[in-house]
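A.B. asks: So that we are looking at the same thing, I have put the structure below in structure tokens.
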Amino acid sequence: MKGLNNIATAAALFLGLAVAAPAAAQSLCVKASRANLRAGPGTDHRITWEVNRYMPLVQVGTEGDWLKVKDVDGDIHWIFKPLVTSEIDCVTISAPKANIRKKPTTRSDKWFTVEKYTSFKRVGRQDKWIKIEYEKETMWIFHTLVWPG
């Protein structure tokens with residue numbers, strides 16, 4: 001089948017027909033306070049994970065009003081399109097635990113510690129530090145501790 005697909009693409013190009021390129025993955029952010037990720041496109045599919053606001057996801061497909069997405073662990077789920085946006089940049093903790101700091105340096109006091117899957121709105125970056133926001137407070141986390149980094 002792979003050879004036939006290449007022949008069809010070559011024939012379309014030769015005839016001057018448009019050939020659709022594969023859709024690029026799009027970064028999304030959950031904008032609802034809570035959202036259900038599902039095993040398939042529709043509410044009749046089981047819930048695979050309930051996530052909070054600012055959980056980042058990567059769109060890898062679509063079916064109607066449902067988006068096929070990949071999470072921080074590489075697992076595939078489906079989410080209802082109105083629950084996410086590409087207008088907000090967000091990150092989630094990918095390490096088992098992470099220190100949140102008031103300034104972008106390890107010399108800064110640890111403000112508090114969070115666990116994996118805690119998510120934040122990303123509002124900036126300085127060198128290898130990610131500036132995050134939660135409840136109108138800004139704080140810093142080292143880039144290797146979040147996804148996407």
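The values are calculated or read from the model by the stated rules, or taken from the named source; none is laboratory data. Just so we're clear, the structure is a prediction, and the values are computed from it rather than from any experiment. Note that each Cβ is placed from the backbone with ideal geometry, even for glycine, and that neighbours are counted across all protein chains shown.
A.B. asks: Within segment 93-118, how many residues are closer than 25 Å to residue 74 by Cβ and assigned to a loop (DSSP other than H, G, I, E, B)?
C.D. replies: Looking only at that region, the number is 6.
A.B. asks: Another one. Looking at (1) of a type in the set (Lys, Arg); (2) in contact (Cβ under 8 Å) with a residue 40 or more places away in the chain; (3) part of a loop (DSSP other than H, G, I, E, B), which one does residue 121 not meet, given that it meets all the others?
C.D. replies: (3)
A.B. asks: If I go through segment 82-114 residue by residue, how many of them are exposed (fewer than 14 other Cβ atoms within 10 Å of the Cβ) and over 23 Å from residue 136 (Cβ atoms)?
C.D. replies: Here the count works out to 5.
A.B. asks: Report yes if some residue within segment 34-44 is touching a Phe, Trp or Tyr at 6+ places or on another chain (Cβ under 9 Å), assigned to a strand (DSSP E or B) and among the small types (Gly, Ala, Ser); otherwise report no. I'd like the intermediate steps shown before the answer.
C.D. replies: Let us first name the residues in segment 34-44 that are touching a Phe, Trp or Tyr at 6+ places or on another chain (Cβ under 9 Å), namely 35-43.
Subsequent filtering for residues that are assigned to a strand (DSSP E or B) retains 35-38.
Going one step further and asking which of them are among the small types (Gly, Ala, Ser), we end up with 35.
Yes: one or more hits.
A.B. asks: Okay, moving on. Looking at segment 83-96, I want the residues that are more than 17 Å from residue 35 (Cα to Cα) and have a partner that is in a loop (DSSP other than H, G, I, E, B) with Cβ atoms under 6 Å, at least 6 apart or on another chain. Which pairs are those?
C.D. replies: Sorted first by the residue in segment 83-96, then by its partner, the pairs are 93/116; 93/118; 94/72; 96/116.
A.B. asks: Another question, then. Condition (residue is hydroxyl-bearing (Ser, Thr, Tyr), modelled with pLDDT of 95 or more and over 25 Å from residue 36 (Cβ atoms)) applied to segment 138-149: is it met by at least one residue? Working first, answer last.
C.D. replies: First, the residues of segment 138-149 that are hydroxyl-bearing (Ser, Thr, Tyr): 138, 144.
Imposing the further condition that a residue be modelled with pLDDT of 95 or more reduces the set to 138, 144.
Next, from what is left, pick out any that are over 25 Å from residue 36 (Cβ atoms): 138, 144.
Yes, there is a match, as at least one residue in segment 138-149 is hydroxyl-bearing (Ser, Thr, Tyr), modelled with pLDDT of 95 or more and over 25 Å from residue 36 (Cβ atoms).
A.B. asks: Also, I was wondering about something else. What number of residues within segment 97-118 are touching a residue at least 24 places away in the same chain (Cβ under 8 Å) and among the aromatic types (Phe, Trp, Tyr)?
C.D. replies: Summing the residues that are touching a residue at least 24 places away in the same chain (Cβ under 8 Å) and among the aromatic types (Phe, Trp, Tyr) in segment 97-118 gives 2.
A.B. asks: Might you let me know whether segment 63-86 holds any residue that is part of a strand (DSSP E or B), among the aromatic types (Phe, Trp, Tyr) and over 19 Å from residue 25 (Cα atoms)? Don't jump to the end; show me each part of the working.
C.D. replies: Of all residues in segment 63-86, those part of a strand (DSSP E or B) come to 63, 66-70, 76-80, 84-85.
If we keep only those that are among the aromatic types (Phe, Trp, Tyr) too, we end up with 66, 78, 80.
Then drop every residue that is not over 19 Å from residue 25 (Cα atoms), which leaves none.
There is no residue in segment 63-86 that is part of a strand (DSSP E or B), among the aromatic types (Phe, Trp, Tyr) and over 19 Å from residue 25 (Cα atoms).
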